[in-house]
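The values are calculated or read from the model by the stated rules, or taken from the named source; none is laboratory data. Since we're looking at a predicted model, the values are computed, not measured. Methodologically, a virtual Cβ is constructed for each residue, glycine included, from the backbone with ideal geometry; neighbour enumeration extends over all protein chains shown. Heavy atoms of the whole protein, side chains included, go into the accessibility calculation; ligands, DNA and RNA do not. Shrake-Rupley method; radii C 1.70, N 1.55, O 1.52, S 1.80 Å.
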Amino acid sequence: MKAIVMAGGKGTRLKPLTCKQPKPMVPVAGRPMMEYIIELLKRYNFTEIGVTLFYLPELIVNHFGDGKDFGVSLQYFVEETPLGTAGSVKNAEEFLDQTFLVISGDALTDINLAEALAFHRERKALVTIVLTKVSNPLDYGVVITGADGRIKRFLEKPGWGEVFSDTVNTGIYLIEPEVFRFYEKNKAVDFSKDLFPALLAAGQPLYGYVAGGYWSDVGNLNQYRQANYDLLAGKIQFKPPGQEIAPGIWAGEGTEIDQESSLEPPLVLGKYVRVCKGAKIGAYSVIGDHCLVNEQASLKRSILWNHNYLGYETELRGAILAHHNHLKSCVAVYEGAVLGEGCTVGSKAVIKPEIKIWPEKYIESGSVVNSSLVWGLRWGTTLFGRQGIEKIANLEFTPEFAARLGAAVGTILPEKSHLVVSTDHFLPTRVLKTAFVCGCLGAGVNVYDLGVMTTAVARHAVVLLQAKSGVHLRLSPLNGENMRVEFIDGQGLTINRDLERKLEQAFFTEEFRHMPAEHLGAIIRVDEAHRHYLEEIMKVTAAETIKQAAFRVVVAYDEGAVSLVLPALLSGLGCEILTYRPEGASRLRPWSLPERTAWAAELAQQVKREGADLGVVIDQNGEHLILVDEKGRILKEEQLLALLALGILKYSPVKTIAVPVTAPHFYEEVVHAYQGKVVRTKANPRALMEKVVEERLFPGGHERTHFQPAFDGIYSLAKLLELMAQEKVGLSELVAALPPYYTAQKAVDCSWEDKGRIMRSLFEENKEKRIEIIDGLKVYHEQGWALVLPDAEEPVFQVYSEAGSQEEAETLTSLYSNRISELKLQS
């Protein structure tokens, strides 16, 4: 049988281990990962093997040769430029003249390939994708199949709202050579992103085989460490190299172990290792060939490649050392730290947890290394939540973190491009902005500095100034101790997930662009950006009609960025402003939603006393409104959005309204009354913004503007005043015309590991009912609907419902929250 081993990967997420090694050559328990793959193929009689190469191909060819030493026959196919997974296999088309298997050379698995091949032949499939179940499917390609295994749908690295299965693509495929008819040679084609979806759309027989056994794509340093531990623990059907000299202890030839040393199984010692007197090697440690562990040195759960030297009383705890490192006496390297090849660490130096040190670095004696060399500390696997990045100001979001984030942003933007930057008026954001901007400038990106401004003004400025992107820094409205960083693309929208991933990749790999001094970016001060924003609002609003109405408005607002735009807007529209000043309002943090709600109730009394037309409480960012009608009644957020939709439908040719999947269905009643239609989007801000742009939902329907009503309280207030003036009725009368609705919401705790399994179970249980899977799982019932939405930021599910009464809505919410709790217990 024939097989292709894809071995061209750089292993970027394993850096610094892969700075000088291709990922297939990274050792697990002392053997290159690809050796295990070759052994697996041989075990199931795949002995004619082609190997696709790209990154450092000579290292793989030199190690494996023609394959005879491994009991197989190897041929190599080297790419000059990256062609993608399918494109690289196309290079071996002449070699692949029969059913063949494709497998990654940089994963670790013991899946039974014979069973997968039998399934493939039984189904007469063109392609069979070998699948496996994982606890967290977000970083993999999810595949949904029917009962017979036929593939129905692909989801490439889905969000939690798209997770309807925990079966993922392992990168192992059984393929018939006829597949080559479906794509061209010398073009970049990916199996999972390009070819397989095209074959599925063409109705070709694609099947998924759910395999048992062990599988890991060894995609990051944590998974690499765990793969070593799993092999030592016997979770994989491969034996460690060497002889088992004692239960759970394997050693290679020429290894010397002093009788007064201590070894705790399981562990692996390579060839010609020397363990000296008093050394202690704990369980789940791997020591490669030609290593020296000096007297009184101590290792626990650490992985050493070849030719490492550990000095007297050196301590390693959960560390990884690549080849040729020299650690002198009394060095301490802690959990999660990684040293690339060829580093020297001086005596009594301390390398703190999670530090990454690139190859060929020198650490002076006595140093305490608390940030990665050269570029800084690693903070986690993801940065982004639902609305940008949020971390504790000056504890997690430190100046160092801000500078690294700025460098990452600058790195993914083109050199000499322009970035808009603004902040709220609070001290932490203004201070940390300085460090952020320095990182951007160092990467050769110019910065338009708006100073203190709202996010909506920043969005508008990005478009007005034709900047490549924008960033707004502010204290979080949910937790005043947190910094929130919001990222804006060239259209003035929240950036998409692809850009988020690129930024995360740059941040975590720390491969930043450092420009020479003469090519550093420049700061360009932009004053009066809010005036251009207000002018644009006035252009797309019936200002004269509003002025004639002479509204009296009671407002509560902060002295920060919103004070630059709200009074100016209302004055420009001819409104009389009556200011309400909340007692006890903090000047050190944003107003919370409970505070604003309480103040709205107090403001309502002033509205009635003054005989005002309406009252407004607005947050410091000018994003969210709480409205009070002339009778002192507080509007719900859904009622405000419904009135804005009403104004668009009645006074413009636009007939399509976008709302998130969480929104109540009474919107349909409002919109259908004016022969319009509702388009529902995912619950994240980017999805709603994209749909607004796509459907051209702009005031008047003629002039393209950049406003987003759901995220811009200033613009929304102007359009509400316009509707009141055009209708010549009070706010209470407009609200009274809206249909009644009843909703409920509840958060249910759930571990990240259980989310995929629970979503799959809920999907299976309800697939015979009417469902929607725009974002999460929405199930329709006789009395209403319920939506189960995995939270992207927290280990919880959000459950929403709507029904004909409040009691029924709460019953539906309880039904699904209770079911989630039951499914958690079944793990």
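Which helices (runs of 4 or more DSSP H) does the range 679-761 wholly contain that include 1 or more residues that are modelled with pLDDT of 90 or more and surrounded by 20 or more Cβ atoms within 10 Å (Cβ to Cβ)?
Where helices (runs of 4 or more DSSP H) fall fully within the range 679-761 and carry at least 1 residues being modelled with pLDDT of 90 or more and surrounded by 20 or more Cβ atoms within 10 Å (Cβ to Cβ), they are 713-727, 731-736.
Which of the numbered conditions does Leu787 fail, given that it passes all the others? Conditions: (1) modelled with pLDDT of 95 or more; (2) open to solvent by 10 Å² or more (accessible area, probe 1.4 Å).
Just one mismatch for Leu787, condition (2).
Answer yes or no: is there a residue in the range 187-194 that is surrounded by 16 or more Cβ atoms within 10 Å (Cβ to Cβ), assigned to a helix (DSSP H, G or I) and of a type in the set (Ser, Thr, Tyr).
The answer is yes; a qualifying residue exists.
Looking only at the range 815-827, filter to residues that are out of contact with any Ser or Thr (no Cβ under 9 Å at 6 or more places or on another chain) and open to solvent by 20 Å² or more (accessible area, probe 1.4 Å); which one of those is farthest from Glu772 (Cα to Cα)?
Taking the candidates together, the pick is Leu825.
Which of the residues spanning the range 111-136 are more than 19 Å from Lys193 (Cα to Cα), open to solvent by 10 Å² or more (accessible area, probe 1.4 Å) and either hydrophobic (A, V, I, L, M, F, W, C) or part of a loop (DSSP other than H, G, I, E, B) (or both)?
If the condition is that a residue be more than 19 Å from Lys193 (Cα to Cα), open to solvent by 10 Å² or more (accessible area, probe 1.4 Å) and either hydrophobic (A, V, I, L, M, F, W, C) or part of a loop (DSSP other than H, G, I, E, B) (or both), then Asn112, Ala114, Leu117, Ala118, Phe119, Lys124, Val134, Ser135, Asn136 are the ones that fit.
Tell me whether the range 588-607 contains one or more residues that are within 36 Å of the chain's Cα centre (by Cα), modelled with pLDDT under 95, under 30 Å from Glu535 (Cβ atoms) and part of a loop (DSSP other than H, G, I, E, B).
yes
Can you name the condition, by its number, that Ala461 falls short on among (1) within 26 Å of the chain's Cα centre (by Cα); (2) modelled with pLDDT of 95 or more; (3) small (Gly, Ala, Ser)?
The one condition Ala461 does not meet is (1).
Which condition from (1) open to solvent by less than 40 Å² (accessible area, probe 1.4 Å); (2) of a type outside the set (A, V, I, L, M, F, W, C); (3) outside any loop (DSSP other than H, G, I, E, B) is the one that Gly622 breaks?
For Gly622, the failing item is (3).
Every residue, every condition in (1) within 20 Å of Ile103 (Cα to Cα); (2) touching a residue at least 60 places away in the same chain (Cβ under 8 Å); (3) in a loop (DSSP other than H, G, I, E, B), yes or no:
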residue: Tyr209; (1), (2), (3): yes, yes, no
residue: Gly213; (1), (2), (3): yes, yes, yes
residue: Tyr224; (1), (2), (3): yes, yes, no
residue: Tyr229; (1), (2), (3): no, yes, no
residue: Ile236; (1), (2), (3): yes, yes, yes
residue: Ile245; (1), (2), (3): no, no, no
residue: Gly254; (1), (2), (3): no, no, yes
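Among residues belonging to the range 81-107 that are under 30 Å from Asn228 (Cα atoms) and hydroxyl-bearing (Ser, Thr, Tyr), point out the one that is surrounded by the most Cβ atoms within 10 Å (Cβ to Cβ).
Ser88
Hey, Leu644 hits all of (1) touching a strand residue (DSSP E or B) at 6+ places or on another chain (Cβ under 8 Å); (2) hydrophobic (A, V, I, L, M, F, W, C); (3) open to solvent by less than 30 Å² (accessible area, probe 1.4 Å) but one; which does it fall short on?
Result: Leu644 fails condition (1) only.
Just the residues that are small (Gly, Ala, Ser), within 30 Å of Lys133 (Cα to Cα) and out of contact with any strand residue (DSSP E or B) (no Cβ under 6 Å at 6 or more places or on another chain), please, taken from the range 719-767.
If the condition is that a residue be small (Gly, Ala, Ser), within 30 Å of Lys133 (Cα to Cα) and out of contact with any strand residue (DSSP E or B) (no Cβ under 6 Å at 6 or more places or on another chain), then Ser751, Gly756, Ser761 are the ones that fit.
Find the residue count for the range 490-532, including only residues that are over 30 Å from Lys691 (Cβ atoms) and buried (at least 20 other Cβ atoms within 10 Å of the Cβ).
Summing the residues that are over 30 Å from Lys691 (Cβ atoms) and buried (at least 20 other Cβ atoms within 10 Å of the Cβ) in the range 490-532 gives 4.
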